[in-house]
Structures are given as C-alpha cells and as structure tokens.
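Asks: Can you read through this structure? Questions will come right after.
Each value in this text was obtained by applying a stated rule to the coordinates, not by laboratory testing. Computed from a prediction, not measured in an experiment: that's the story for all the values here. Here the Cβ positions follow ideal geometry from the backbone for every residue, glycine too, while neighbour counts run over all protein chains shown.
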Amino acid sequence: MIMADRMEGKRFENDWTMDELGDIYSDIEKAVTVPVNVKIDAEHRVLDLSMMEEILRDAELIVLQDCGCKTMRGNCDAPRGTCISLDAAAEDALKDTRYNPRVVTLDEALEALRVSHEAGLVHMAYTMEGDEYPSPICSCCPCCCHTLSGLLRLGLAPVVLTSDKVAVDDSERCTNCGTCVSRCVFRARMMVDGLMAYDPAKCFGCGLCVSTCPANAITLARKD
C-alpha cells in the first residue's frame, strides 16, 4: 500500500495542526473531487480524464510541480510530482523553486494524473477565494495533504470538500474481493464477515474504487 496509513483518526508526528488547517481553509472557496477514467452512470461513457482535460484545455500555461503537502509532511512515499497550476497561478508557481516547477503540455499533465490515480491519490480541483476557475489541481493522500487530513482526522474539510457524484454498487456482480476497500480513503467501504459493506453517505465520488474493481461492479452516478 502506497499510503503510510489510511486509518481514520490516525495522527502523525509531522501532522497539520488545527490552526494551520483553519488558515488554509479560509482561503479555499471550494474543493471538488475529480474522478478519472471511470464510467458515469446515465452518461454511459468512460471519462478517460475528460473531466480534467475540460479544466485544463483552455489554459494558456500549465505548470506541474511537487506536492507541497507531501514535501512538507513526508508521511508517505506517494508520487510527489502531482500538483498542477494554471495561468496566473502557474506563473506564481514558477517563481517558487522549492517544489521543482516546470512548464508542461496538456498530455504531460494528464499523464501525471494517470500515474497518481493508479497510486491511489484523490484528484481534487481547488477554487481559491476570488478566482473564477480551479487552480491548483492536486492529487492528494490522506496522510499528508491538508484537505484530506482535515476530513479524515479532524472533521474540518467537509466545509469545503464537495462532489456531485457517488459510487453505485451492483450487488449481483460484486465478488466481495475487498479491492475497493483498500482503495477507499474515505472509509466508505469495509469488509464485514467476509462481505463488502458500503456506506454511500461517506463517498466523495473520487472514482478510485471504480477503476480497479475486477468485477466491474461499481460505477459513478450523479447525486440527486
């Protein structure tokens, strides 16, 4: 497992403090999970990064850099070259060499997202206070990244983290293999007496469970 620990309530020596998270969240207007390479029920198509491409394609400048959260906290060995900034935010990112920023093409940015999805990271598009479009676009882990840390351990992130999608299971196809349980960072899934139990109220529609289900028993649907 790439993430050092996915347990809800787990704290690390080098963890975010409540004050730090409060300051960060005050600047975030909205944070939205963005599924990758998954089928959306009722649209009947595989997204294959199209949602993210929709966000990226009109940008005049795309910069890829190391994740500041993973660099600062160092609680796991997940891929670090995963944070994407666009246009004005990208120009600002290039001025700060701490996180190895570099200008990339659309295809290079999408490839970085594919790699991070396979590693089990949650893609999140942040819209900062005063901005019209999302930037940065991050690939987050629950042990280093501030929004997931707040959600899973401190209960703060629901004030900013949203999704308009939810996973839907096909019980007839499910083989109770548990693959989706190990992929779900939100603890919406667990094994109970050898059977997979799913709580959709805890699902944030990231799609990590969908793309790796060997029985193709999970899809994403738009929330009512």
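Asks: Hey, what's the per residue convex hull volume over the C-alpha atoms of the range 166-222, in cubic angstrom? All intermediate terms of the calculation are to be shown ahead of the outcome.
Replies: Numbers: hull volume 4.0 nm³, N = 57.
That works out to 70 Å³ per residue.
Asks: If you take the alpha carbon radius of gyration of the range 91-224 and divide it by 2.2 N^0.38 Å, what ratio comes out, to two decimals?
Replies: Working: Rg = 16.7 Å, N = 134, 2.2 N^0.38 = 14.1 Å.
My calculation over the Cα atoms of the range 91-224 gives 1.18.
Asks: Please give the peptides 178-185, 115-122 ranked by average Cβ packing (other Cβ atoms within 10 Å per residue), highest first, as a rough proxy for protection. Intermediate values should be presented prior to the final figure.
Replies: Working: 178-185: 19.4, 115-122: 21.6.
Packing proxy ranking, top to bottom: 115-122, 178-185.
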